[in-house]
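Have a look at the structure below, then the notes.
The values are calculated or read from the model by the stated rules, or taken from the named source; none is laboratory data. Since the structure is predicted, the reported quantities are computational estimates derived from the model, not experimental observations. Cβ placement follows ideal geometry from the backbone for every residue including glycine, while neighbour counts extend to all protein chains displayed.
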Protein chains: 6
Amino acid sequence: MDDNRFEKGWAVLMEVDGEGGQRVIESLKEIAPDLGKYVVEFAFGDIYSREGLDLKQRQLVTLTALTVLGGCEPQLKVHLKAGLNVGLTQKEIVEAIMHCGPYVGFPRVLNAIFTAKEVFQGE
Amino acid sequence: MDDNRFEKGWAVLMEVDGEGGQRVIESLKEIAPDLGKYVVEFAFGDIYSREGLDLKQRQLVTLTALTVLGGCEPQLKVHLKAGLNVGLTQKEIVEAIMHCGPYVGFPRVLNAIFTAKEVFQGE
Amino acid sequence: MDDNRFEKGWAVLMEVDGEGGQRVIESLKEIAPDLGKYVVEFAFGDIYSREGLDLKQRQLVTLTALTVLGGCEPQLKVHLKAGLNVGLTQKEIVEAIMHCGPYVGFPRVLNAIFTAKEVFQGE
Amino acid sequence: MDDNRFEKGWAVLMEVDGEGGQRVIESLKEIAPDLGKYVVEFAFGDIYSREGLDLKQRQLVTLTALTVLGGCEPQLKVHLKAGLNVGLTQKEIVEAIMHCGPYVGFPRVLNAIFTAKEVFQGE
Amino acid sequence: MDDNRFEKGWAVLMEVDGEGGQRVIESLKEIAPDLGKYVVEFAFGDIYSREGLDLKQRQLVTLTALTVLGGCEPQLKVHLKAGLNVGLTQKEIVEAIMHCGPYVGFPRVLNAIFTAKEVFQGE
Amino acid sequence: MDDNRFEKGWAVLMEVDGEGGQRVIESLKEIAPDLGKYVVEFAFGDIYSREGLDLKQRQLVTLTALTVLGGCEPQLKVHLKAGLNVGLTQKEIVEAIMHCGPYVGFPRVLNAIFTAKEVFQGE
C-alpha cells in the first residue's frame, strides 16, 4: 500500500537525513506537498530501502551524485550530515569528493569540499 | 619523483581497469601522449592510490560520477569492468546506478544500466 | 496499493509512449526489473497521472527536459513519438525544441532537431 | 530591419517578462550592451514572436529549460513571474516543475520549487 | 537589415566552417529551416562577426564550449575543421582540449580528444 | 620530482591567479590539504606550464570552461582576475563570454557576465 511506502520511507528518511530531511519535506507543504510525498516514497521508501548496498554505500553514491551535478548545495548539506549519521567518517566523505576530481574537474570538487567544510565545522 | 607516480599509477591502472584502461592510454599515444601520462599519474598514481577508501568504494564513486555526467559511455564501459575487477558484484553495480534515480532522473540511469547490460553480457 | 500504481502507470505509459515505452520496460527485465517498475509507477503512475496539466503540456515539458539534458537520444525518440501520440503536431514539437535555443544554445537544439527529423521521417 | 527585430522583441519582452526583463537588459548596459540587444532581438524578437506555440506553451518550455539547466535562479525568477504574466496558474507552474522529477531528479526540481515559492510569496 | 545579417553570417560561416557548416544548414531545410537561418544570423552574422577577438581566439572558445558541454560530437567535428581553417594548429587544438582537464575532468577531455583524432586523421 | 611540480605550479599559480588562487589553496588546509596540492601540481605545475598555448589563450579556455559549466562563480571570480593579470583586456573577456551565447544559451552567459561586472567594478 502507498501508506506503507510512505511510512517505510519516512522511517528511513529520519534514520538517514534526520531533521535536515524532515525540514525539506515540511517546507514543501504549502507549495507542493505531493513532491515531499514522492521524495519520501520513491527516494526513501523505494530506493534507500532496497537491499544490495548498505546505507554507507548509498550515501557515498548520493554524495557523489550531488557533487557531480553541481548547484545542489542545499541537498549536499543535508546529505553530508546524513553521511555522518549512517557512519561515514569525515575522512571518507572528503576522500569520496576528492575522488571525483579526475572525473569532473576541480571546480565541482572545490564547491563540494567547501560545503563539507561548512557542515563539518557546524557540528 | 614523477617516474614513481607513473609507475605507481600504472600498477593501479592495471589492477583496476586492466586491458581496457591500457587501451585508452595507448590510443592517446599519437595525438596526446601527455594526456595519457596525466591520467595514469593523477587519476591513478595520486587519487586511486590514496588511503581512506578501498578500491570497491572508489569504483562506486567513479561509476556514479560517470552515470551522472552522461555521455561517457566509453569510460563507463572501462569502469564497469573495473568495478567487477575490484570485487563489486553485478548486483551492487546495478544498485548503485539505480540509486542515482532520485538524484538525476531516469534517462541518465537508463543509459548507464543499458551500458552495464552490454558489458555484463559480453563477459 | 502498489499494484494500483503500477496498473495505472502502465495504462498511461501505453497511452503516451505506446510500444516504444513498453520495449524500454521489457529490456530492463533481465538486468534491473525493479527499475522498469519504478519508471511505470513513479513517472507514469504518480506524475503523468496527475491533474493540473494535460498530456500535451506534459509532453512539452518532457521533450524540453530531454532536449536540455542532452545525451538522451533514446529517451527522446520514445517521447517524440509520444508527443505525436498525445496530439502534439510535428510543428509544435519543432517549435518547442527551437524555443530552447536562447536558453541552452544551438548544439543541444540541433541534436534534438536531428533526432526529431529521424523520428518524423520514420513515420 | 534590425530595428524592427529590436522593437518587436522589446514589445514581447515587456509583455512576457515585464519589469524583471527590463532590469536585466538595463543591468547589461555598462558591461555588455550588445548582449542585452541580442537577448531582446534573438530570444524575444525572433523566437518568442514565432507562431506555432502560444505564450503559455512557450513559458512552460522556458521554465522547464531553466529548471533542468540548474544554477539559473535569477533567470528562473524572471520567468516565473513571466509565466504568471502570460496566464499560467501557480498550480500549472508547480506541476510543470514537478513533472521534471522523473527526468532530472529531485535536487533540480527542489531548487526550482523553492525559487517558485519565493516568487509566489513575494506577489 | 535581416538580409544583411544573413549574408554577412553566411560569408563568415563559409570562411570558418566551410562545407561542414553548410551541410548543417542544408540538413535543417526540411524540418526547421528557420533554425538554420538563426544559426547563420545570430551565431555567425552577430557573434562571430564582432570585433574584440580574432577568429582563432573565437574558435578556441567554441572548441572549449563544445568540449565542456559534452554530447556535441557532430558540432565538435565541424568546429575542429573550422579551427584548422582559421589557422589554429593541431597542436594548439589538442592543448586547448587538454587544458580543460583540471576544470571538467578526463572523460569530457578524452571524448573531445578522440573526436579530434578522428578529424585530424581524416584530413 | 614532486617537489619540483609543486614549486613550478606554485610559481605559475602566483603569476596567473595571484592572491585569489593562494587563498583557495590555504582555505583547503584544514579540510583537504592534498586537494590544494593537486590543484597546484596538476592544474598549474603540469597543465598551465605546458607550451603550445600562451597564458592569455589558456585563460580564454579556462574562462570559457567555467562559463559553460555553470555554478562555478567562486572559481570564475579568481580566473576573471587571472585573465586581467595575464593581459586579457576587459573587452576580450566580455567578448569571450558573449561568444558562448550561441553554444550554451543566455542564462549561463548572463551569470558569467554579471560575475565579470562585479569583479571589474571591484578593481
Look at B:Arg58 and say whether it is under 11 Å from the mean Cα position of the chain (by Cα), charged (D, E, K, R) and at the interface with another protein chain (Cβ under 7 Å from one of its Cβ atoms). yes
Got a number for residues in the range F:108-123 being of a type outside the set (Val, Ile, Thr) and touching a residue at least 24 places away in the same chain (Cβ under 8 Å)? 7
Consider C:Glu51 carefully, then state whether it is more than 27 Å from E:Gly71 (Cβ to Cβ), at the interface with another protein chain (Cβ under 9 Å from one of its Cβ atoms) and in contact (Cβ under 8 Å) with a residue 12 or more places away in the chain. no
On the basis of being within 19 Å of E:Leu60 (Cα to Cα) and not assigned by TED's automatic domain parsing to the domain that holds F:Arg23, does F:Leu110 make the cut? no
Looking for whichever is out of contact with any His (no Cβ under 9 Å at 6 or more places or on another chain) and in the same structural domain as D:Pro107 (by TED's automatic domain parsing) here; the options are D:Thr62, D:Thr67. Which one fits? D:Thr67
What is the number of the single condition among (1) more than 29 Å from D:Cys72 (Cα to Cα); (2) more than 17 Å from the chain's Cα centre (by Cα) that C:His99 does not meet? (1)
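Rundown of residues vs (1) of a type in the set (Ser, Thr, Tyr); (2) at pLDDT 95 or above, yes/no style:
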{"site": "D:Asp3", "(1), (2)": "no, no"}
{"site": "D:Ser27", "(1), (2)": "yes, yes"}
{"site": "D:Tyr38", "(1), (2)": "yes, yes"}
{"site": "D:Arg50", "(1), (2)": "no, yes"}
Name the pairs: first residue in the range C:3-19 and closer than 17 Å to C:Lys81 by Cα, second residue hydrophobic (A, V, I, L, M, F, W, C) and not in a helix (DSSP H, G or I), Cβ to Cβ under 9 Å, at least 6 apart or on different chains? C:Glu15/C:Val86; C:Val16/C:Val86
Of all residues in the range A:83-113, which are in contact with an Asp or Glu (Cβ under 9 Å, 6 or more places away or on another chain), surrounded by 24 or more Cβ atoms within 10 Å (Cβ to Cβ) and more than 7 Å from every other protein chain (Cβ to nearest Cβ)? A:Gly83, A:Ala112
Which of the residues spanning the range C:11-31 are closer than 17 Å to C:Gln75 by Cα and either surrounded by 17 or more Cβ atoms within 10 Å (Cβ to Cβ) or among the hydroxyl-bearing types (Ser, Thr, Tyr) (or both)? C:Val12, C:Leu13, C:Val16, C:Asp17, C:Gly20, C:Gly21, C:Val24, C:Ile25, C:Ser27, C:Leu28
Those residues of the range E:1-21 which are in contact with a Leu (Cβ under 7 Å, 6 or more places away or on another chain) and either more than 17 Å from C:Asn111 (Cβ to Cβ) or not assigned by TED's automatic domain parsing to the domain that holds E:Phe42 (or both) amount to E:Val16
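Going by what's in this entry, would F:Val40 be described as closer than 29 Å to A:Val119 by Cα, more than 10 Å from every other protein chain (Cβ to nearest Cβ) and crowded, with 19+ Cβ neighbours inside 10 Å? Spell out how you get there, then give the answer.
Details: closer than 29 Å to A:Val119 by Cα: yes; more than 10 Å from every other protein chain (Cβ to nearest Cβ): yes; crowded, with 19+ Cβ neighbours inside 10 Å: yes.
Here the answer is yes, as F:Val40 does meet what is asked.
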Scanning the range A:18-67 for residues that are under 18 Å from C:Arg50 (Cβ atoms) and out of contact with any helix residue (DSSP H, G or I) (no Cβ under 8 Å at 6 or more places or on another chain) gives A:Pro33
State which residue pairs qualify: first residue at positive phi and inside the range A:69-91, second residue surrounded by fewer than 22 Cβ atoms within 10 Å (Cβ to Cβ) and among the hydrophobic types (A, V, I, L, M, F, W, C) in any location, beta carbons under 9 Å apart, and separation of 6 or more residues or different chains. A:Gly87/A:Leu55
Given the conditions (1) at the interface with another protein chain (Cβ under 7 Å from one of its Cβ atoms); (2) closer than 29 Å to A:Met98 by Cα, which single one is not true for A:Thr67? (1)
Quick check on the range C:7-37: of everything there that is within 14 Å of the chain's Cα centre (by Cα) and part of a loop (DSSP other than H, G, I, E, B), which residue is farthest from the other protein chains (Cβ to nearest Cβ)? C:Gly18
